[in-house]
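The values are calculated or read from the model by the stated rules, or taken from the named source; none is laboratory data. A quick note: this is a predicted structure, and the numbers were derived from the prediction, not measured. Note that we place each Cβ from the backbone using ideal geometry, even for glycine, and neighbour counts take in every protein chain shown. SASA here: full protein model, heavy atoms, side chains in, ligands and nucleic acids out. Shrake-Rupley method; radii C 1.70, N 1.55, O 1.52, S 1.80 Å.
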Amino acid sequence: MNRICFICLGNICRSPMAEYILKDKLRKQGIKNVIVDSKATSYEEQGNDIYPKAKNILKEHNIQFSTREAKRLEKEDYDKYDVFYYMEDKNLRNIERIFDKTDKCKKLLIKDIEDPWYTNNFEKVYEEIDEGCQEIIKLLKNN
Ligand code: 4NP
C-alpha cells in the first residue's frame, strides 16, 4: 500500500491536511517510497489552494506544506493508488458514484472526521487526522 490518496469533499481542508501530516511523519521516520496525494469528491474548490485556517493549523504544528491546487477524484484514479482514505461516510457515497467500487477505500478513523468548513474546529480535525496517520505509519512499518 505505498500509493495513498486521502479523500474529502473539497480537497482544501481535511484531505490536504492529512496529506501533509502523513508526509511529515514519513519524513521524520525515514520511510521512503510512499506516494501520498489527496483529492476531492466535488468540483466545488477545484484549483484552489489549502484553506487559510487549515494552513494556520498546519503551521501551528510545524507541518510543512506547499502551494497546491484542489483536484477532483476521477474514475482513472482508481488504478493509480493502492488505498483511498476518506474522512466521513458521506465521502464514501460520493466515491461510489465516481469509481463504482469501493474495495480500496477505508475510513481514516472508525468515526467520521467532521467537515471543519462547517464546524470551524480545525484543532479537533488536526488531532483526529494525526491519530489516523499514526495508524497508517504502523501499517506501513508492518509491511
Ligand atoms: P474539506 O472541506 O472537504 O475538508 O476540504 C470543505 C471545503 C469546501 C467545501 C466543502 C468542504 N465547499 O463546499 O466549498
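Below is a table of values for the structure above.
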read-out	value
Highest to lowest packing among 28-34, 45-51, scored as the average C-beta count within 10 Å	45-51, 28-34
Two-site label geometry, E114 and E76: point separation in nm, points 7 Å out along Cα→Cβ	3.8 nm
Where Rh is the Kirkwood radius over Cα pairs, Rg/Rh for segment 2-142	0.93
Accessible-area order (highest first, 1.4 angstrom probe) of the listed residues T41, T119	T119, T41
In range of the label at N62: residues from segment 25-46 whose backbone nitrogen is under 17 Å from the point 7 Å along Cα→Cβ	25-30
Label zone at E135, where the point sits 7 Å out along the Cα-to-Cβ direction: segment 97-125 residues whose backbone N lies under 16 Å	104-114, 125
Rel. contact order, % - alpha carbon contacts under 8 angstrom, at least six apart, segment 2-142	30 percent
Candidates per chymotrypsin sites (Phe, Trp or Tyr not before Pro) in segment 35-143, loop by DSSP, up to 16 other Cβ within 10 Å	Y43
Computed [θ] at 222 nm, helices only, for the chain once each DSSP H run of length n ≥ 4 contributes -39500 (n - 2.57)	-13500 deg cm²/dmol
Accessible surface of segment 2-142, 1.4 Å probe, proportion on carbon and sulfur as whole %	45 percent
Segment 2-142, dipole about Cα centre (Lys/Arg Cβ +1, Asp/Glu Cβ -1), debye to the nearest 20	460 debye
